[in-house]
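My questions will all concern the structure given below.
The values are calculated or read from the model by the stated rules, or taken from the named source; none is laboratory data. The model shown is predicted, which means the values in this text are computed figures rather than measured ones. Using ideal geometry, Cβ is built from the backbone for each residue, glycine included, and neighbour counts are taken over all protein chains shown. The area values use the complete protein model at the heavy-atom level, side chains included, leaving out ligands, DNA and RNA. Shrake-Rupley method; radii C 1.70, N 1.55, O 1.52, S 1.80 Å.
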Amino acid sequence: MQVSFACTDHGLKAPRSSEPNKQNTSSPNTASAARTRFRTVALIARSLGSLTHRHAQISLKESTGKLTGMKYRNLGKSGLRVSCLGLGTWVTFGGQISDEVAEQLMTIAYENGVNLFDTAEVYAAGKAEIILGNIIKKKCWRRSSLVITTKLYWGGKAETERGLSRKHIIEGLKGSLQRLQLEYVDVVFANRPDSNTPMEEIVRAMTHVINHGMSMYWGTSRWSAMEIMEAYSVARQFNLIPPVCEQAEYHLFQRDKVEMQLPELYHKIGVGVVSWSPLACGIITGKYENGIPESSRASLKSYQWLKEKILSEDGRKQQAKLKELTHIAEKLSCTLPQLAIAWCLRNEGVSSVLLGTCNPAQLTENLGAIQVLSKITSHVASDIDKILGNRPHSKKDYHH
């Protein structure tokens, strides 16, 4: 069976986060339009069930590196094998840390079996990509042993230098490749949805850069389940290449999207998850228990929102829960960050968890989460849920 239509009309799209007040000023037909959108996506979902039954028959096995102990998983249900822990460059590369420390972190990660390194054109205004590329060139690592990913949306100040138009996707990726000193990236991500660009144009542009050897795969970041389904529908209708994964925030205090919305996409259309911020921007490390340390991310001017979040009433409640979780970590002979990262890896649809660290000691500690994964039994997971009190209500349990 083939999907006979695609939601390329902007009227079928979900409200974007950049339009917070749109619903308040809309016409009385808003509710009817919302119902229409829901019915449309439901039809796509049912059609996709026929299109993608082959995914249900695929048995994807996790493997373990003999020398490093690192575990490897498929990126979604593609054939690309990625380390279940990856190294991110947000805030750190070209910002919080020196180039020398960045090289130390990448070396530790690579020597411990990490093959996934993530960046974006917007990180430090392109400097993060430059640093990443310089290190790869200096270390003379085999390109075929690496999975390098970057993200496109915010490329510059000009109107044509941002968004997901065909022009910016192609030009933006060319710019990233120049900064990275690479011929191609393994995955290029759309760093957020773009309400100003038709979905068909986005999917066609992503297919173009893949067909021209600039990227091996493409994915989404911070897209809704409906938007990902729309991209998949467009790809199938026009014989284009669909996305293979979604980058999403996922940690002990942020669960709904990854545990409620994305599992169905994983099982129906093979879209996996590369999760970021497993320690909630450092909140889960416990370092904010007694306030805001001077050298912490929350002390930066650009992270005033994080500081306010930590000092809020909800922030204080989170710190209280973290104290309880520390007791579980102690019983498992691990640290709280290791427990939190291993907890993220329990989710079946999570292909890899991106780590963001400022120093070698933190990275070494976080990589130790691999050894904790097997210790998080269903009983331990249940104890964690009781403390958190935020498990989404789901008909199915997609955890290992």
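Suppose a student asked you for the relative contact order of region 249-315, using Cα pairs under 8 Å spaced at least 6 residues apart; what percent would you report? Before the final figure, lay out each step's value.
Working: 39 pairs, mean separation 16.4, N = 67.
With pairs under 8 Å counted, the relative contact order is 24 percent.
Taking the Cα centre of region 157-237 as the origin, how large is its charge dipole in debye, to the nearest 20, when only Lys and Arg (+1) and Asp and Glu (-1) carry charge on their Cβ atoms? Before the final figure, lay out each step's value.
Details: 10 positive and 10 negative charges, 28 e Å.
That gives region 157-237 a dipole magnitude of about 140 debye.
Show which lysines lie in cross-link reach of Lys157 when reach means a straight Cα distance below 19 angstrom and same-chain residues fewer than eight apart are skipped.
Cross-link targets: Lys127, Lys167, Lys174.
To continue, here is another question. Determine the per residue accessible area of region 82-142 with all protein chains present and a 1.4 angstrom probe, expressed in square angstrom. List each step's numbers first, then the result.
Working: 2240 Å² over 61 residues.
For region 82-142, the per-residue accessible area is 37 Å².
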